[in-house]
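The values are calculated or read from the model by the stated rules, or taken from the named source; none is laboratory data. On a predicted model such as this, the values are computed, not experimentally measured, just so you know. Backbone-built Cβ (ideal geometry, glycine too); neighbour counts: all protein chains shown. Note: accessible area is taken over every heavy atom of the protein model, side chains too, but ligands, DNA and RNA are not part of it. Shrake-Rupley method; radii C 1.70, N 1.55, O 1.52, S 1.80 Å.
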Amino acid sequence: MEKKILNKIPTNIITGFLGVGKTTTILHILKHKPADERWLVIVNEFGDVSIDHIPMEGQSQGQEMAVRYVAGGCICCTANLPLQTTLTQSIRQVKPHRILIEPTGIAHPEAIIDLLQGEFLSKVIDLRATICLVNPIQLMNDKYFDDEVYQDQITLADVLIANKADLAGDELLQKFAKWAQALFPPKVMIAAVEKGEIDLDWLDIEPYPHRKSVYMNAHSNQLENVQIVENQEESLQPLPNKPIKREGRALGTFGCGWVFHPDEIFSKNQLLAWIDSLKGFERIKGVFRIGEKNWIFINKTTDEPANECSIAYRKDSRVEIISLKPVTWSLIEKQLLDCRKSDPNQVDIPSFKMPFNLK
């Protein structure tokens, strides 16, 4: 018997700066969600080339999960119209038992929280804990604490989680705990996890009332090209040797995405060696065809080694790269094209490339 939706829909915002592991965390949540519930995930992507939703769609189990994505900017800007429209349409179509919202890493959560608690959506949305992920290693870098959006993502969180605890070490985790416990207003919960493996009970924590941002104007006067994406793939049809390129710039962040022709096959070893040679980029995320029927998902943040795994995606190859500094994207594109196999039957051999450093 189908479980009916009663009253309001429990909803969580999963925030955190670029590269802290939001997508990995949501994948863990979806893997362990109740089998008899339909869940809706709203993903906001910085660029026009969508990447983040792809591994989530692989978690779909029949009609039990739906993913909607808003691309081309930040859903906390432009009066939240894209988010409101996407939410209302999706609630009507999916009739979810729970909603997870993943803003882009540069998003300011306050406008999203205000929208969900506003006169219209508060009639159907039950806003539960806002969860913020941080990488403890960021505590060692002043550039993050100079960022007003980063600070307010932490300020507005009910649950503050140190992700990638296995990479941080005991000393840094102790520093995180001491710092987090001194925050005001206090967090409802502070925790440390590995690989986004949070406890699903944390989703139902009641939010701390009346949280307010410190830097409410951090996104003021930022008009971004945000659009609701339903059939965006129809406009992303690249030709062989001519990938589609989409550049973006907002809030001091520079990004570029590429979509390659479905028949183009990449050398896995060359690709991983090249990606690991890149230094100074905030995030590199993509899916690549590496064989006749093989695709891999690659994720790299800051100067950490790239992570890769097989993925069920079977459409094309695509990647998005984000930086806090201007980049010569034409050079990056040439290096990407050099990672393709000239012959689909070519044996994968390691390839060394000179590091590409952002100055």
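Side notes on the structure shown:
- Distance between modelled label sites at Arg249 and Phe120, nm, 7 Å Cα→Cβ extension: 3.3 nm
- Ordering of 308-317, 206-215 by packing [mean C-beta count within 10 Å, highest first]: 308-317, 206-215
- Computed FRET value (nearest 0.05) for Arg211 with Thr302, which takes r as the C-beta separation and R₀ as 41 Å: 0.90
- Ranked by the mean number of other Cβ atoms within 10 Å of their residues, highest first, the peptides 107-119, 83-95 come out as 107-119, 83-95.
- Ligands, DNA and RNA left out, the 1.4 Å accessible surface of region 113-159 is 46% carbon and sulfur atoms.
- Residue ranges 269-278, 130-139 sort as 130-139, 269-278 when ordered by packing (mean number of other C-beta atoms within 10 Å per residue, highest first).
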